[in-house]
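Inspection log for the structure reproduced underneath, given as structure tokens.
The values are calculated or read from the model by the stated rules, or taken from the named source; none is laboratory data. All values derive from a computational prediction rather than experimental measurement. Here the Cβ positions follow ideal geometry from the backbone for every residue, glycine too, while neighbour counts run over all protein chains shown. Areas reflect the complete protein model, heavy atoms only, side chains present, ligands, DNA and RNA absent. Shrake-Rupley method; radii C 1.70, N 1.55, O 1.52, S 1.80 Å.
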Amino acid sequence: MKYPSHVNIVEVGARDGLQNEKQDVPASIKIELVDRLSDAGFRNIESGSFVSPKWVPQMATSAEVMAGITRKPGVIYSVLTPNMKGFEGALASKADEVVIFGAASEAFSQKNINCSIAESIERFRPVAEAAKANGMRVRAAVSCALGCPYQGEVSIESVVDCVLRFADLGCDDIGIADTIGVGTPARASAVFEAAAKVFPLAQISGHFHDTYGQACANVLACLELGVSTFDTSVAGLGGCPYAKGATGNVATEDILYMLHGMGIETGVDLDKVCDAGQFISLALGRAPHSRVNRALAAKLANARAA
Ligand code: HMG
Ligand code: MG
């Protein structure tokens, strides 16, 4: 089996993770989290979201966060932008990349961004154009590619249709997302393989939530196809406010442990990510969801006690 020799990890904990936390996380904590992640070696850090604060109050401090972080040269600081109002926020905050997010499911599109899939693409068109005109990267996310909390099954054709629509907007990267973590490896392979027939595989990324514990297996299935970019979340933070019951993204620490164990480079320091995971989990008053983080912390505690 030939796997990619290098994998890019997009760290989404500060956005996808923290957007779903019940308790208020102060901007100062988010800033320290993003800075710890850049220090750990990530080249793309999703740092906030310029969406309506009525819809997602947890992201209301995104401008403050973007203004407070210490930018590391070469790191892409990305933010979510659902419309031109969001784009204005992204531009003012000097984001390097905007993320437009649509769904392969009509029902989810309505619940998440209050419009149909077709309407969402028309809203994203000026965002993508403005981003390009301002020298920013454009990444897209296709939600519910492996299942939807409202309509259940989602066809491969709907995913491909959504990928084609985003390709038409000139996206640099299209992320295929298992928003509610229901997918299993054979289905993930089939969906990514179909997407790669209409958009370059090198520009397709995987975004797996770990609700049913399938995310590592799904990442492995994608690696086998040659997918080399994945979104992951430090400490396994996250969920989705519009997908009840969905738990966090696959934990960054778990994916790094798997990739490094397979001899695949990421350029990211696992120990520093574990420290960042402990930091944010302490701020949230709980243990990291990442099993690797918990295991390595226990090993360290045992070594210190000996
Ligand atoms: P709407 O209510 O239909 O929009 O929301 P509207 O244009 O009628 O505006 C309503 C109010 O929101 C107005 O304020 C606007 O100014 C304001 P009011 O006049 O009532 O005071 N508004 C905004 N404020 C700040 N920033 C903006 C903005 N736009 C409008 N950008 C809208 C439509 C898209 C805005 C709304 O539905 C929304 O913000 N949704 C966000 C949903 C969201 O963030 N979901 C989570 C992220 S997606 C995700 O997690 C999935 C992903 O991880 C992949 C995966 O796992 O699937 C990426
Ligand atoms: Mg997500």
**Report entry** Solvent exposure of the chain as accessible area per residue, Å², 1.4 Å probe
**Finding:** 41 Å²
Requested in this report: Using 0.36 nm per residue of separation minus the Cα-Cα distance, give me the extension gain between residue 115 and residue 94 in nm, one decimal.
Outcome: 4.8 nm
**Report entry** Sequence ranges 175-183, 291-299, 262-270, ranked by mean other-Cβ count within 10 angstrom, highest first
**Finding:** 175-183, 291-299, 262-270
Query raised in the report: In the full protein assembly as shown, how much of residue 137 is accessible to a 1.4 Å probe, in Å² to the nearest 10?
Result: 80 Å²
Query raised in the report: Considering only segment 155-258, what is the antiparallel percent among its DSSP beta bridges, to the nearest 5?
Result: 10 percent
Query raised in the report: According to a simple spin-label model (label point 7 Å from Cα along Cα-to-Cβ), what is the distance in nm between residue 197 and residue 262?
Result: 2.4 nm
Report summary line: For the chain, the percent of accessible surface on carbon and sulfur atoms (probe 1.4 angstrom, ligands and nucleic acids excluded) is 53 percent
Query raised in the report: Between residue 282 and residue 212, 0.36 nm times their residue separation minus their Cα-Cα distance comes to what?
Result: 22.7 nm
Report summary line: Burial-style ranking of 152-165, 219-232, 276-289, average other-beta-carbon count within 10 Å with highest first, yields 219-232, 276-289, 152-165
Report task. Over the chain, calculate the relative contact order: mean separation of alpha carbon pairs under 8 Å at least 6 apart, over the residue count, as a percent. Result -> 20 percent
Report summary line: For the pair residue 129 and residue 300, the simple spin-label estimate (label points 7 Å beyond Cα toward Cβ) gives in nm 5.0 nm
Report task. Pull up the DSSP beta bridges for the chain and report the antiparallel fraction as a percent, rounded to 5. Result -> 5 percent
**Report entry** Label-point separation, residue 161 to residue 122 (7 Å along Cα→Cβ), nm
**Finding:** 1.6 nm
Report summary line: Note on segment 39-182: the mean projected area of its alpha-carbon convex hull, in nm², is 8.6 nm²
Query raised in the report: What is the total of Lys pairs in segment 1-105 with C-alpha atoms under 27 Å apart, excluding same-chain pairs fewer than 8 positions apart?
Result: 12
Query raised in the report: Could you list log10 I(q)/I(0) for the chain at q = 0.15 Å⁻¹, which the Debye formula gives when each Cα is one point scatterer?
Result: -1.16
